[in-house]
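Have a look at the structure below before the remarks.
The values are calculated or read from the model by the stated rules, or taken from the named source; none is laboratory data. Small disclaimer: the values here were computed from a predicted structure and weren't measured. Note: ideal-geometry Cβ built from the backbone for every residue, glycine included; neighbour counts use all protein chains shown.
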Amino acid sequence: MCSIDAVGYEAFADDAPNAQQQPNQILENCVRVTNPTGHVGLIGVYFPEDPGGVDDDEKHGKFTVPLGQAWNKGLTIGMGQCPVKRYNIYLRDLIIAGLAKPSFIVSHHLPLEAGPDAYEKFDKRIDGYTKVLLKPGMAA
């Protein structure tokens with residue numbers, strides 16, 4: 001069995017109402033459930049710096065991976081950003097044709113002038129800023 005982390009730094013260890021983010025939990029789970037010689041894909045988002053991190057290491061993009069366990073199992077771990085430029089035209093065409101509707105992931109629609117503030121809120125994970133559409137000419 002292989003595993004994929006599609007959550008990234010936003011992982012929670014449980015569903016408790018006051019639960020804190022625990023990004024290390026998903027990394028530990030991936031290593032734990034992956035069969036020997038399996039593959040782990042880390043496609044979730046991990047920032048080099050995160051002012052909203054739950055501890056000093058996470059604020060500096062450092063996460064704990066059970067490397068000894070992964071090594072003993074002979075796991076292959078791959079990660080990185082997707083090659084956006086390879087797929088953006090294809091995705092655009094799917095959207096135009098009505099075959100893809102990515103709008104459900106948009107958290108905010110804002111005027112272009114709100115861009116700097118939106119980026120700051122996204123960086124600090126304020127008010128649910130996850131995916132923001134900036135619209136030139138939109139009334140403030």
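Annotations for the structure displayed:
- Which listed residue, of PHE104, PHE122, PHE63, is assigned by TED's automatic domain parsing to the domain that holds ALA11 and under 20 Å from the mean Cα position of the chain (by Cα): PHE63
- Against the list (1) part of a loop (DSSP other than H, G, I, E, B); (2) closer than 27 Å to TYR119 by Cα, the condition PRO36 fails is (2).
- Residues in segment 107-119 that are aliphatic (A, V, I, L, M), within 25 Å of GLU10 (Cα to Cα) and over 20 Å from the mean Cα position of the chain (by Cα): LEU110, ALA114.
- Qualifying residue in segment 18-29 (condition: under 20 Å from the mean Cα position of the chain (by Cα), closer than 23 Å to ASP127 by Cβ, exposed (fewer than 13 other Cβ atoms within 10 Å of the Cβ) and aliphatic (A, V, I, L, M)): yes
- Selection within segment 38-56 - surrounded by fewer than 19 Cβ atoms within 10 Å (Cβ to Cβ) and touching a Ser or Thr at 6+ places or on another chain (Cβ under 8 Å): GLY38, HIS39, GLY41
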